[in-house]
1. If residue B:319 satisfies every condition in (1) within 14 Å of chain A (Cβ to nearest Cβ); (2) at pLDDT 95 or above but one, which is the exception?
2. Which of the residues belonging to segment A:43-58 are of a type in the set (A, V, I, L, M, F, W, C) and within 11 Å of chain B (Cβ to nearest Cβ)?
3. Output the residues belonging to segment B:271-280 that are touching a strand residue (DSSP E or B) at 6+ places or on another chain (Cβ under 7 Å) and either within 16 Å of residue B:316 (Cα to Cα) or of a type outside the set (A, V, I, L, M) (or both).
4. Answer with yes or no whether residue B:30 is touching a Gly at 6+ places or on another chain (Cβ under 7 Å), open to solvent by less than 30 Å² (accessible area, probe 1.4 Å) and of a type outside the set (Lys, Arg).
5. Can you tell me how many residues within segment A:49-79 are assigned to a helix (DSSP H, G or I) and free of Cβ contacts under 8 Å to residues at least 40 places away in the same chain?
6. Of all the residues that make up segment B:49-70, how many are in contact (Cβ under 8 Å) with a residue 40 or more places away in the chain, surrounded by fewer than 20 Cβ atoms within 10 Å (Cβ to Cβ) and out of contact with any Asp or Glu (no Cβ under 6 Å at 6 or more places or on another chain)?
7. Surrounded by fewer than 16 Cβ atoms within 10 Å (Cβ to Cβ), touching a residue at least 24 places away in the same chain (Cβ under 8 Å), within 19 Å of residue B:144 (Cα to Cα) and aliphatic (A, V, I, L, M): which single residue out of B:261, B:283, B:265, B:254 fits that description?
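The values are calculated or read from the model by the stated rules, or taken from the named source; none is laboratory data. Here the structure is a predicted model, which is why all the values come from computation and not from measurement. Because the Cβ atoms are built from the backbone with ideal geometry, glycine has one as well, and the counts that use them run over all protein chains shown. Keep in mind that these areas ignore ligands, DNA and RNA; they rest on the heavy atoms of the full protein, side chains included. Shrake-Rupley method; radii C 1.70, N 1.55, O 1.52, S 1.80 Å.
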Amino acid sequence: MILGIDTSSALTSVAVVDGDLVVAEGGHLDPRRHAEVIGPLLADVVGRIDRGDVTSVACGVGPGPYTGLRVGIASALALGAAWGVPVLGVCSLDAVAAAELAEHPGSPVTVAVDARRSEVYWARYDGSGLRVEGPRVGPADGVPADVVGRHPTGAWVAWRVQALLAAGAVPPSGEVPLDAHGEDSGATANALAGATLLPPRPLYLRRPDAVASS
Amino acid sequence: MTTDAPVVLGIETSCDETGIGIVRGHELLANEIASSVDEHARFGGVVPEVASRAHLEAIEPALGRACATAGMRLDDVDAIAVTAGPGLVGALLVGVATAKALSVALGVPVYGVNHLASHVVVDELQHGPLPDPTVGLLVSGGHSSLLLVADDVSTITPLGQTLDDAAGEAFDKVARLLGLPFPGGPWIDRIAREGDPRAIAFPRGLSGPGDRDRYPYDFSFSGLKTAVARWVRAKEAAGEPVPVADVAASVQEAIVDVLTARLVAACVEKGVGTAVIGGGVAANSRLRTMAEERCAAAGISLRVPRPDLCTDNGAMVAALGSRLVRDGVPPSPLDFVTTSNLPVTRRSW
């Protein structure tokens with residue numbers, strides 16, 4: 001069983017999956033209350049399973065608004081530390097693409113979530129579910145028209161991890177394929193193509209807003 | 001759980017220190033701190049987003065180190081305590097999310113606690129139970145508060161606070177004017193030893209006629225910063241060298257004079273025999289000396305925790321959590337909120 005968490009959008013979502021089954025699931029839609037609602041959601045979901053059956057914790061590592069995103073990743077890290085199980089990350093947009101592909105096999109899709117400041121985080125996928133562009137952050141009007149706006153969920157994040165593990169993906173070592181600010185670069189493109197498990201660290205895509213003093 | 005000596009894990013992420021502490025009753029078992037202060041230096045102050053990112057990087061390794069130092073596993077913890085405010089919201093949320101998930105994963109209660117109260121109660125780890133009542137002076141880069149701590153540390157009454165800059169912020173801003181690195185407090189302290197504290201009579205905030213009645217225990221440091229800036233500019237305009245050591249010593253004297261005068265006044269007027277100083281500025285050597293002299297002269301017993309318990313840390317959070325468990329206070333609900341300016345009167349949520 002894999003416990004999945006995603007807080008990269010306005011939805012705080014927690015689920016436990018076992019094969020194709022969702023064993024327990026809960027969610028709360030509110031862009032500003034991730035840290036409040038994550039506690040009761042976790043308590044409810046964990047209360048419905050035998051925690052000894054959880055073999056890993058999956059978390060969506062964004063991209064998404066930072067404050068909420070960090071809530072899910074911090075929670076996943078704490079669960080992993082408490083239970084002694086690995087914490088594995090996947091790009092949250094990949095989870096949405098996988099959900100779309102399950103419903104509309106063979107259709108290319110663009111996935112986007114609100115990045116505030118009139119911008120969106122987005123990525124584009126081909127008909128086989130392979131990420132062909134992104135994740136990026138930019139103005140909403142620059143995104144391809146076939147955009148899907150559904151929220152990443154804990155269940156789909158857990159299923160992505162389950163599928164990648166089944167395909168032989170190895171958990172990331174201490175090496176992180178991103179720079180300190182989680183910025184995409186040529187060297188990280190392969191790691192980000194969606195076929196690799198990511199470390200449980202946010203895909204920030206933007207540096208902090210701050211100006212060095214003279 | 002042993003309620004007379006519970007094992008409590010404390011999490012502190014309200015500013016730029018990621019702190020994990022573990023206590024058993026009053027006994028300190030571990031106090032791991034990861035600071036992002038170096039990352040903020042080039043910005044001349046704490047950048048909230050930089051601090052939040054650093055907390056998420058540091059928190060899980062710090063948990064592991066704290067358990068190793070305490071010689072225990074997370075399973076051995078009886079309760080979790082976490083700073084719920086006041087502080088930088090984005091930074092606080094990293095600790096709060098961690099605490100809530102640990103609480104659920106381990107099946108133990110969680111307490112969202114007051115940062116300011118933690119700074120006072122931490123002294124119990126070093127000097128034993130606090131007498132009742134006690135006056136706390138909390139001075140750091142983010143806070144300058146006088147608190148009356150009564151009823152066995154269950155009632156915390158704010159007596160006064162800064163109306164503008166915090167004392168540590170004033171040190172940082174003056175240091176920047178003098179071309180000293182961030183954080184400026186330790187630099188001012190060091191350089192002031194070479195200077196004359198009476199060289200320049202910088203203003204003491206809220207010391208004018210009428211201020212004493214209107215703001216008996218409040219502070220104001222923004223005028224001091226302006227006065228220093230003006231004084232330094234005048235020197236530069238006159239083509240004269242700025243006597244950095246004298247300026248540092250005189251500024252430090254002005255800040256420390258006001259802090260200690262208000263602390264002693266609060267103790268005397270409220271009939272309190274014990275004072276505790278906490279926060280990063282408590283490490284200032286002149287503050288310690290002057291507070292000792294003035295408290296001794298007024299017959300007040302002064303308690304100052306050692307420096308690693310004065311700056312933000314997880315042990316202070318664990319110390320307050322331990323206190324709450326022992327007092328039989330109900331844990332916080334799992335959906336407790338985090339805000340930047342929670343009222344100081346409550347020690348937990």
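1. Result: residue B:319 fails condition (1) only.
2. If the condition is that a residue be of a type in the set (A, V, I, L, M, F, W, C) and within 11 Å of chain B (Cβ to nearest Cβ), then A:43, A:45, A:46, A:54, A:57 are the ones that fit.
3. B:273, B:274, B:276, B:277, B:278, B:279
4. Yes, satisfied.
5. Here the count works out to 5.
6. 2
7. When all the criteria are applied, what remains is B:261.
Per-residue answers, yes or no, for (1) of a type in the set (D, E, K, R); (2) at pLDDT 95 or above:
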| residue | (1), (2) |
| --- | --- |
| B:267 | no, yes |
| B:270 | yes, yes |
| B:289 | no, yes |
| B:299 | no, yes |
| B:314 | no, yes |
| B:338 | no, no |
| B:342 | no, no |
| B:347 | yes, no |
